[in-house]
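Beneath this line is the structure, given in structure tokens, with notes to follow.
The values are calculated or read from the model by the stated rules, or taken from the named source; none is laboratory data. Here the structure is a predicted model, which means the values were calculated and not measured. Neighbour counts run over all protein chains shown; Cβ positions are idealised from the backbone, glycine included. The accessibility values were calculated without ligands, DNA or RNA, using every heavy atom of the protein model including side chains. Shrake-Rupley method; radii C 1.70, N 1.55, O 1.52, S 1.80 Å.
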Amino acid sequence: MRNRYLLLPAVMLMICACGRFGNKDQHAGRTRIVCLAKQYNEVIYALGAEKDLVAVDLSSTYPPAIKALPTVGYHRALSAEGIISQEPTLVIHDNNVGPEQVMQQLEKMKIPMKTFVDSVFTIEQDKKMITALGAYFGKEHQADSLCRILDTQMKEALTNSKHYTDTPRVVIIHFGRAMNIYLAVTQQSTAAKMIGWAGGVIPIGGTKGMQQVSAELIAQADPDVILLTDFGYDRLGSIEKIKELPGVSGTKAARSNHIYRVEEHDLIYLGPRTGNNVLALQKLIHAKQAI
């Protein structure tokens, strides 16, 4: 009996110690993934493999459920402290991350990192990315299904394009947060490929996928259709307000009310919904025609 009472304080001390480090005990043995690539994250959710995601970068905005996760900064302006605070057992990225000193710090801490296909500019590369992620997460069947759907939708879109008699000039504008700057998507972008698959053309050239342009350049391009990304469209609130913008008001798009809202994440990268997004673009840019 005496020995039992002597053991009691020791047992209580052990219980208190477990409570003191309770948070770490909760994470013991659990896979904790921080993913810093928006296209990877969309695929992970499409595969149904998101259960181990604990944080993402700011540009990962699809699907809507991903917005419930903590963010660790923009993928090119990451915070080492933000990533480390999530206690990751794996960091996934597509090599389009920075700054370099942050990635070096993670390497020094021996945090495992992995990348998959980091150049996705074609449908074949898109499918390779989906397949690689499916294999890694043990979701091969789901990945095969996503690729089949992608192929079917792209085939439909490309068949549609053969029947259109017009090639609308499409300007895509991201109406910036600072000083009402126009950021226009150029011919060098993924969006330009999608517009091309949809049967249109982007008239604005450049060396980057998106660049600042003047109101005069928008007017000179004289697009048949203007697509405004979600932030700028929602900020202005209506087509009438958009038509008042310098450079926009005199365009064919403004005169015919062919100005539409698009989600930025649907245009800036290829993913499992690309075929569906191209079909949606066709309905917008060929609104005067019906297949």
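Would you pick out the residues in region 195-209 that are part of a helix (DSSP H, G or I) and over 13 Å from Val171 (Cα atoms)? Show your work before the answer.
Narrowing region 195-209 to residues part of a helix (DSSP H, G or I): 195-197.
Trp197, the sole residue that qualifies.
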inquiry  = Given the criteria modelled with pLDDT under 95, among the charged types (D, E, K, R) and not in a helix (DSSP H, G or I), does Lys288 qualify?
reply    = yes
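Can you name every residue in region 45-75 that is in a strand (DSSP E or B), over 10 Å from Cys35 (Cβ atoms) and in contact with a helix residue (DSSP H, G or I) (Cβ under 6 Å, 6 or more places away or on another chain)?
Across region 45-75, the qualifying residue is only Gly73.
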ask   = Take the residues of region 83-102 that are open to solvent by 10 Å² or more (accessible area, probe 1.4 Å) and free of Cβ contacts under 8 Å to residues at least 24 places away in the same chain: which is nearest to Cys147 (Cα to Cα)?
value = Asn95
All positions within region 36-57 that are out of contact with any Lys or Arg (no Cβ under 9 Å at 6 or more places or on another chain) and loosely packed, with under 15 Cβ neighbours inside 10 Å = Lys51
inquiry  = Looking at region 240-272 only, could you name the residues that are open to solvent by less than 50 Å² (accessible area, probe 1.4 Å), among the charged types (D, E, K, R) and within 30 Å of Asp144 (Cβ to Cβ)?
reply    = Asp266
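Do we find a residue being in a loop (DSSP other than H, G, I, E, B) and open to solvent by 20 Å² or more (accessible area, probe 1.4 Å) anywhere in region 143-162? Full working, then the answer.
Start the filter on region 143-162 by keeping residues that are in a loop (DSSP other than H, G, I, E, B), which leaves none.
No, every residue in region 143-162 fails to be in a loop (DSSP other than H, G, I, E, B) and open to solvent by 20 Å² or more (accessible area, probe 1.4 Å).
Which of the residues spanning region 211-237 are in contact (Cβ under 8 Å) with a residue 40 or more places away in the chain and either under 14 Å from Val171 (Cβ atoms) or crowded, with 20+ Cβ neighbours inside 10 Å (or both)? Talk me through it step by step, then tell me what you get.
As a first pass, look at region 211-237 and keep what is in contact (Cβ under 8 Å) with a residue 40 or more places away in the chain: 218, 221-229, 231-233, 235-236.
Matches in region 211-237: Ile218, Ala221, Asp222, Pro223, Asp224, Val225, Ile226, Leu227, Leu228, Thr229, Gly232, Tyr233.
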ask   = Which numbered condition trips up Ala80, out of (1) farther than 22 Å from Leu267 by Cα; (2) surrounded by fewer than 18 Cβ atoms within 10 Å (Cβ to Cβ)?
value = (2)
